[in-house]
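Remarks on the structure that follows.
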Amino acid sequence: MEVYAVVKQLLLPPGIILLLLAIAFFSVRGTLGRLFLFLGWSVLLIMSLPGFAAPLIGSLERYPALEPEQVSAVAADAIVVLGATVYASAPEYGGHTVDGNSLKRVRYAAWLQRRTRLPVYVSGGAGEKAPGPAMVRVLEDEFNVPVAGMEQNSRNTWENATLTAPMLRANGTRRVLLVTQAWHMPRAVEAFERAGIEVVPAPTYFVQRPVDRAGQTWGDQYKDWLPQAAAFQISFYAIHELLGRVYYDLRGLLNGGDRA
């Protein structure tokens with residue numbers, strides 16, 4: 001069964017792509033061509049290994065989950081949930097709706113609201129395909145959670161904070177439960193705090209796997225060192241966040257220390 005699992009994984013993307021690149025490496029003549037093929041093969045392999053991707057994104061998941069039994073006692077004025085992307089023109093829904101990432105955040109925001117009874121605000125992005133309106137519909141129609149307000153002009157995490165902060169302050173909100181994925185939380189917290197909003201991080205959907213009952217964690221199983229498409233996506237999110245932080249740092253230097 002393990003042999004079958006290994007062969008299957010190598011024949012599914014990205015495994016098959018790695019095999020083809022390896023064949024191309026031995027078929028191409030010339031040092032430069034082989035060098036670029038080897039570099040491409042190496043990057044694709046590393047990014048596709050769960051044993052690499054999970055610890056990488058785990059380094060970003062610095063804020064722990066809120067203890068479920070303590071949620072109702074958290075001191076906050078409101079819940080703010082950040083938008084991700086949208087499932088555009090969904091034929092089965094007759095229009096735009098939330099995608100996987102937005103749904104994960106909306107679901108946890110609804111879970112928190114039922115336990116805290118705090119007002120919920122959505123920071124949902126700009127444009128015709130912004131996730132905000134879809135998130136509001138799902139919260140109200142599917143989770144029966146009323147939405148107190150929606151920001152719909154932001155283009156990135158920083159603008160989520162700077163454009164949502166005035167709406168929060170106008171309603172007397174100073175401290176919020178901030179909902180987003182665990183790997184996105186450090187950048188989101190920084191943005192909202194610089195916008196003058198106190199934050200209680202409420203991260204959801206952790207990627208980094210805790211030690212299980214057998215004492216295993218990422219890298220302890222052979223499957224963690226086989227290329228997988230899901231691991232490549234995890235690496236993408238991690239690298240996206242790391243580049244985002246570098247961008248904020250460079251922007252801060254250019255603005256004399258003010259990242260806004």
Extreme residue, modelled with the lowest pLDDT, among residues of segment 145-190 that are assigned to a loop (DSSP other than H, G, I, E, B) and under 15 Å from the mean Cα position of the chain (by Cα): 156
Report yes if some residue within segment 98-108 is in the same structural domain as residue 191 (by TED's automatic domain parsing), without any contact (Cβ under 8 Å) to a residue 40 or more places away in the chain and in a strand (DSSP E or B); otherwise report no. no
Complete set of residues in segment 222-235 that are surrounded by 14 or more Cβ atoms within 10 Å (Cβ to Cβ) and at pLDDT below 80: none
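Residues checked against (1) within 30 Å of residue 75 (Cβ to Cβ); (2) at pLDDT below 90; (3) loosely packed, with under 14 Cβ neighbours inside 10 Å:
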site: 192; (1), (2), (3): yes, no, no
site: 215; (1), (2), (3): no, yes, yes
site: 218; (1), (2), (3): no, yes, no
site: 237; (1), (2), (3): no, no, no
If you check residue 76 against the conditions, is it part of a loop (DSSP other than H, G, I, E, B) and modelled with pLDDT of 95 or more? yes
When residue 29 is run through (1) assigned to a helix (DSSP H, G or I); (2) over 22 Å from residue 176 (Cβ atoms), the failure sits at (1)
Being touching a strand residue (DSSP E or B) at 6+ places or on another chain (Cβ under 8 Å) and in a helix (DSSP H, G or I) is the filter here; which residues of segment 117-144 pass it? 131, 132, 133, 134, 135, 136, 137, 138, 139, 140
Would segment 114-127 turn up any residue that is on the phi > 0 side of the Ramachandran plot and within 16 Å of the chain's Cα centre (by Cα)? yes
Only one of these is hydrophobic (A, V, I, L, M, F, W, C), assigned to a loop (DSSP other than H, G, I, E, B) and either without any contact (Cβ under 8 Å) to a residue 24 or more places away in the chain or surrounded by 17 or more Cβ atoms within 10 Å (Cβ to Cβ) (or both): 84, 54, 24, 65. Name it. 84
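The values are calculated or read from the model by the stated rules, or taken from the named source; none is laboratory data. Owing to the predicted nature of the structure, the values given are computational and were not obtained by experimental measurement. All Cβ positions, even for glycine, are placed from backbone atoms using ideal geometry, and neighbour counts span all protein chains on display.
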